[in-house]
Protein chains: 2
Amino acid sequence: MKELKDRIQRDGQILGNGILKVDSFVNHQVDARLMDECGKEFARRFAKLGATKVLTAEISGIAPALTTALHLGLPVVYARKTKPITMPDQVYLTLAPSHTKGRTVELIVSPEYLANGENVLIIDDFLASGATILGLVRLAEAAGAKVVGIGALIEKIFEGGREALKPLGVPVESLACIASMDGGKIVFQ
Amino acid sequence: MKELKDRIQRDGQILGNGILKVDSFVNHQVDARLMDECGKEFARRFAKLGATKVLTAEISGIAPALTTALHLGLPVVYARKTKPITMPDQVYLTLAPSHTKGRTVELIVSPEYLANGENVLIIDDFLASGATILGLVRLAEAAGAKVVGIGALIEKIFEGGREALKPLGVPVESLACIASMDGGKIVFQ
């Protein structure tokens with residue numbers, strides 16, 4: 001998606017250690033209009049999958065997942081990283097290593113909102129190693145739901161996430177696919 | 001806003017201790033279309049304030065703040081509760097007691113995205129005691145920005161937040177104003 005790529009090229013910052021900072025339009029400050037365009041594009045690409053729910057992980061997955069859900073006319077569920085007091089005792093919980101946090105985080109979904117037989121479209125901000133998305137896949141499977149597609153705003157193909165997701169046999173779409181960040185230069189595929 | 005009130009009446013659950021659970025459409029599962037309608041309504045009510053940025057707190061403020069920002073054509077900044085590695089060392093940080101978490105949380109904004117002279121519209125999911133929103137006000141003031149309006153999806157007027165915000169002298173709008181939850185019954189003002 002050209003608009004997203006242009007924005008990454010203009011405002012993204014390579015911090016080293018494979019970290020791409022996009023805090024000015026995705027992760028801390030959000031460009032609402034751009035996020036809406038990205039949601040529209042995901043909705044277009046995943047229109048024919050028969051998804052019944054969009055699933056993401058808090059925090060930075062919420063914005064693109066919400067706009068995608070809006071354009072598909074679906075509800076969105078975001079997996080929590082800490083269990084709020086409003087959640088029942090019995091939950092779906094999995095662990096996922098977080099590259100940017102340097103530790104393992106919990107991903108928790110209430111059985112109230114992820115049901116047997118649902119068709120789940122997973123949307124997240126980044127596809128890097130695929131660890132977070134595979135965590136969401138495990139939550140969906142634990143609920144008896146079927147993952148029908150996976151979308152990420154930004155893919156870092158050199159971190160191998162796409163390979164890790166391949167065995168699922170579902171469409172994986174990213175709107176900006178980064179082939180390399182070597183030498184402080186962002187190169188799209 | 002009738003649609004939101006109807007939904008709260010139908011799907012909201014009173015858990016005791018003043019907690020209203022709206023996890024099926026606001027806090028864990030999000031009704032994207034309803035959230036978009038709420039954003040549209042906030043945008044209508046705050047259209048003439050000259051806001052330059054929407055400010056909220058992660059996690060549950062993100063959805064209504066994003067849709068409001070979308071309809072106002074503004075960026076949205078969400079205050080983080082933990083400092084990500086992409087954030088500079090020098091930040092705006094304040095502490096706010098969280099009723100639902102039973103402890104004090106940090107609210108952190110990077111100076112990169114909240115500047116002197118900005119007109120800030122604060123949007124959050126709940127207005128209860130006003131503690132989180134007052135934390136956001138302190139962050140805006142620390143940055144030299146001016147708060148021009150405050151909006152919440154759901155106000156629990158019996159928790160006194162509106163009184164706490166009064167000294168700010170800015171418009172405070174809530175889309176569903178709950179006067180009482182006594183006896184397990186939600187009564188709107």
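Of note:
- Scan of the stretch B:95-105 for residues that are touching a Leu at 6+ places or on another chain (Cβ under 6 Å) and of a type outside the set (Val, Ile, Thr), ordered by number: B:96
- Restricting the stretch B:4-32 to residues that are within 8 Å of chain A (Cβ to nearest Cβ) and farther than 17 Å from residue A:113 by Cα, the residue that is farthest from the chain's Cα centre (by Cα): B:15
- For the stretch A:84-127, the set of residues classified as small (Gly, Ala, Ser) and within 14 Å of chain B (Cβ to nearest Cβ) consists of A:98, A:102, A:110, A:115, listed by residue number.
- Here the condition is being modelled with pLDDT of 95 or more and assigned to a strand (DSSP E or B); of A:14, A:8, it holds for A:14 alone.
- Residue A:146 surrounded by fewer than 23 Cβ atoms within 10 Å (Cβ to Cβ) and among the basic types (Lys, Arg): yes
- The stretch A:63-73, residues that are in a helix (DSSP H, G or I) and within 9 Å of chain B (Cβ to nearest Cβ): A:63, A:65, A:66, A:67, A:68, A:69, A:70, A:71, A:72
- The number of residues in the stretch B:40-57 being more than 12 Å from the chain's Cα centre (by Cα) and either of a type in the set (S, T, N, Q) or closer than 15 Å to residue A:69 by Cβ (or both) comes to 1.
- Some residue of the stretch B:36-52 being among the hydrophobic types (A, V, I, L, M, F, W, C), facing chain A (nearest Cβ under 10 Å) and either assigned to a strand (DSSP E or B) or closer than 20 Å to residue B:2 by Cα (or both): no
- Hits in the stretch A:68-105 (condition: closer than 19 Å to residue A:125 by Cα, free of Cβ contacts under 8 Å to residues at least 12 places away in the same chain and either crowded, with 18+ Cβ neighbours inside 10 Å or aliphatic (A, V, I, L, M) (or both)): none
Residues checked against (1) crowded, with 21+ Cβ neighbours inside 10 Å; (2) at positive phi:
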site	(1), (2)
B:3	no, no
B:17	no, yes
B:24	no, no
B:33	no, no
B:37	no, no
B:65	yes, no
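- Those strands (runs of 3 or more DSSP E) lying entirely in the stretch A:74-189 with at least 1 residues among the small types (Gly, Ala, Ser): A:76-79, A:92-98, A:146-156, A:172-180
- Of the residues making up the stretch A:3-18, one or more are in contact (Cβ under 8 Å) with a residue 60 or more places away in the chain and in contact with a Cys (Cβ under 8 Å, 6 or more places away or on another chain).
- Checked against (1) in a loop (DSSP other than H, G, I, E, B); (2) more than 15 Å from the chain's Cα centre (by Cα), residue A:60 passes all but a single condition, namely (2).
The values are calculated or read from the model by the stated rules, or taken from the named source; none is laboratory data. This structure is a prediction, so every number in the text was calculated from the model and none was measured. Cβ sites come from the backbone with ideal geometry, for glycine too, and all protein chains shown count toward neighbours.
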